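The values are calculated or read from the model by the stated rules, or taken from the named source; none is laboratory data. If you're wondering where the values come from, they're calculated on a predicted model, not measured in any experiment. Please note: Cβ atoms are built from the backbone with ideal geometry, for glycine as well, and neighbour counts cover all protein chains shown. Only protein heavy atoms, including side chains, enter the accessible area calculation; ligands, DNA and RNA are left aside. Shrake-Rupley method; radii C 1.70, N 1.55, O 1.52, S 1.80 Å.
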Amino acid sequence: MNATSTTIAPVLDFLAHTLTTAETAFNKLPGSAVIQRYVKSSHQNDPGRTILELILFIFAIRTLLQSRTRAEKNFIKFSDKEIDELVDEWTPEPLGQSLTPQEQADLAAVPIITGPNGPKPKLVSTGKTAINLASFNFTGLSGHEEIKERAVETLRKYGLGSCGPPGFYGTLDVHMELERDIADFLGTEAAILYSQGFSTISSVIPAFCKRGDIIVADRGVNFSIQKGIQISRSTVRWFDHNDLKSLEEVLESVEKERKKRRGPLTRRFIVTEGIFEKDGAMVDLPKLIDIKFKHKYRLILDESISFGTVGRTGRGLTELYNVPASKVDMLVGSVANALNSCGGFCAGSQIVVNHQRINGLSFVFSASMPALLSVAGSEGINILRNTPSILASLQENIQAARAILDRVDCITIPSHPASPIIHLYVKNSKSSLHPSTATTIVPSNKPSNPTSILPKDAASWDWDVQAEEKILQDVVDEALAQGVLITKAKRLRGQEMVDPRPSIRLALTSALTKKETEKAIGVVKNALVKVLSKRR
């Protein structure tokens, strides 16, 4: 027995020394004390759990070792010749689908302009000028001599590009001047510039709306708003297009749902447009403001179309309805459309603007706009301030156009009478029309599903997108042959949440006289009648 003890003693001493060394080394690791306490308390409270965890640990190690062994056993080694043969046989998937004949025809039909793009541009294909009812030159500032002179002066002083995002030495004094001009023009505390128009609203929304927040949005919002909503990852509820009664019902249902599940109060936003890009409808801003305050929501309003086109001096819906701009939490607009520059802006409180300077994706990561375009924007605002007749001429042309188009039987017009963009839909011979154009549909009492962007009567839509696209393109071609440049509303089919109905989109401008506008609209009318009469 003594001999056995003497033989085992060195082994036990070695094991004890090894364990002591391992324990000392383990205790030196950060967080080791926490692990020790966990293991001790776990073993004291439930010894069986310690055994189970040990078994699971051993099983995990065994599984990992087995998977490596199996992978090595099942690995097939090919010869160089076999590899070459497999490579030769492999056919890669195309990066994109081939264009359809209709898409190829649409691309071929895009007119190319030589020289300045104004109210009467010159076309490369014909060498002749055409009356332009396609560009968003609402205020006619494209080619304005004073703006061109100031832009040339700025180009000589600052050069062309900004060479960096606003937060990285890309901010110039003229950028800050334009921001102050926009804020002063609208009557807000501050404004922030974005260098791309599309990226403005799609950056503003995710800058404030995060996962867990609530967004209640109009079903008819444009594609850039849809992308901003997707990026935000917020909980989204939809209300019927430009239907504020439906909005109230959805807001009430959101609150009932929160109380039912006893959820916490989160940030809540209403997202909509002033004049909708998809159909030219206009929101009732005073009523929208009342609903916002009643239900304690923040409002993100996209005025990319209405800014510079409605109101006595072009301040948008806030001026048209005499609503202080400070009541809109985030007022988004376009510098590219009415001011004929580029990019967009978001106006609001100083807190709202400063937050975007460090959280607005496009602001942080995109190069700021060239200095000459900032100066052009500031000059455009000065011209709108001092020349309200521009807006009066624009509205006069809109009324003249609507007086002619409203009498055309083969189309329907969903746009507001004051909207500078006028959408034309082919009148369907059946009774089921798009909700924004239908006058014969019997209203359904069944409420729409707020979790779905599809309207309640989407199942009744029966238009043929490809057929209508072709008909409308024929109208565009016929009008162009008569010297009037118009366009179909361009859509990314398959990428938008709901594919809009095909339409022709007219963009009115104050750069044309009333007589010129009436003549151009008369050509459009004749083209519609000529093409659509062949369909019957």
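Expressed as a whole percent, the accessible surface of the chain that belongs to carbon and sulfur atoms is 57, based on a 1.4 Å probe. Couplings 3J(HN,Hα) for segment 323-333, derived from phi with the Karplus relation 6.51 cos²θ - 1.76 cosθ + 1.60 (θ = phi - 60°), are 10, x, 5, 5, 7, 9, 5, 10, 9, 9, x Hz, where x marks Gly and Pro. Multiplying the residue separation of MET176 and LYS210 by 0.36 nm and removing their Cα-Cα distance gives an extension gain of 9.4 nm.
Which semi-axis lengths, in whole Å and largest first, follow from the square roots of five times the eigenvalues of the Cα gyration tensor of segment 145-387? Could you put the intermediate results ahead of the total?
Numbers: eigenvalues 212, 78, 37 Å².
Semi-axis lengths for segment 145-387 are 33, 20, 14 Å.
Ranked by the mean number of other Cβ atoms within 10 Å per residue, highest first, peptides 502-510, 204-212, 383-391 order as 502-510, 204-212, 383-391. Placing +1 on the Cβ of each Lys and Arg and -1 on the Cβ of each Asp and Glu in the chain, which of THR50, SER79, ASN354 has its Cα farthest towards the positive end of the resulting dipole? Ranked along the dipole, the leading option is THR50. Phi-derived couplings, Karplus 6.51 cos²θ - 1.76 cosθ + 1.60 at θ = phi - 60°, listed residue by residue for segment 262-274: 6, x, x, 6, 10, 5, 10, 9, 9, 10, 7, 10, x Hz, with x used for Gly and Pro. Amide H contacts for ASP457 (H built 1.01 Å from N in the peptide plane; partners 5 or more residues away or on another chain; cut-off under 5 Å): none found.
Derived scalar couplings between HN and Hα for segment 147-155 equal 5, 5, 4, 5, 5, 5, 4, 5, 4 Hz in order, rounded to whole Hz, by the Karplus curve 6.51 cos²θ - 1.76 cosθ + 1.60 (θ = phi - 60°), x for Gly and Pro. Seen from a random direction on average, the alpha-carbon convex hull of the chain projects onto 41.8 square nanometres. Under 5 Å from the amide H of ILE411 lie the amide H atoms of LYS427, each residue being 5 or more positions distant or on a separate chain, with H modelled from the backbone and absent for Pro and chain starts.
For segment 100-131 versus segment 169-231, the spacing of their alpha-carbon centroids is 32 Å.
A helix-only calculation puts the chain at -15500 deg cm²/dmol for mean residue ellipticity at 222 nm, using -39500 (n - 2.57) for each DSSP H run of at least four residues, averaged over all residues.
Taking Cα centre as origin and charging only the Cβ of basic (Lys, Arg, +1) and acidic (Asp, Glu, -1) residues, the dipole magnitude of segment 145-387 rounds to 1280 debye.
Roughly what % of DSSP beta bridges within the chain run antiparallel, to the nearest 5? Before the final figure, lay out the partial values.
On the way: 22 of 41 bridges.
Counting only bridges with both partners in the chain, antiparallel ones make up about 55 percent.
Amide H to amide H, with H built 1.01 Å from N, VAL216 comes under 5 Å of ARG237, PHE269, ILE270, VAL271, counting only residues 5 or more places away or on other chains. Relative contact order of the chain: 17 percent, from C-alpha pairs under 8 Å at least 6 residues apart in sequence. Relative protection proxy for 460-466, 368-374, 27-33, 511-517, from highest mean packing down: 368-374, 511-517, 460-466, 27-33 (other beta-carbon atoms within 10 angstrom).
Ranked from highest to lowest mean number of other Cβ atoms within 10 Å per residue, what is the order of the peptides 156-169, 46-59? Walk me through the numbers on the way to the answer.
Values: 156-169: 13.9, 46-59: 10.7.
Packing proxy ranking, top to bottom: 156-169, 46-59.
Since only ALA281, ILE112, ALA401 are under comparison, the one whose Cα sits farthest along the positive direction of the charge dipole of the chain, derived from C-beta charges on Lys, Arg, Asp and Glu, is ALA281.
With both labels modelled 7 Å from their Cα along Cα-to-Cβ, the GLU53 to ALA105 distance reads 7.1 nm. Each Lys and Arg contributes +1 and each Asp and Glu -1, all at the Cβ; summed about the Cα centre of the chain, the dipole is approximately 1240 debye. Relative contact order of segment 145-387, taken over Cα pairs closer than 8 Å and 6 or more residues apart, is 31 percent. Note that segment 145-387 presents 41 Å² accessible area per residue, ligands and nucleic acids not counted, probe 1.4 Å.
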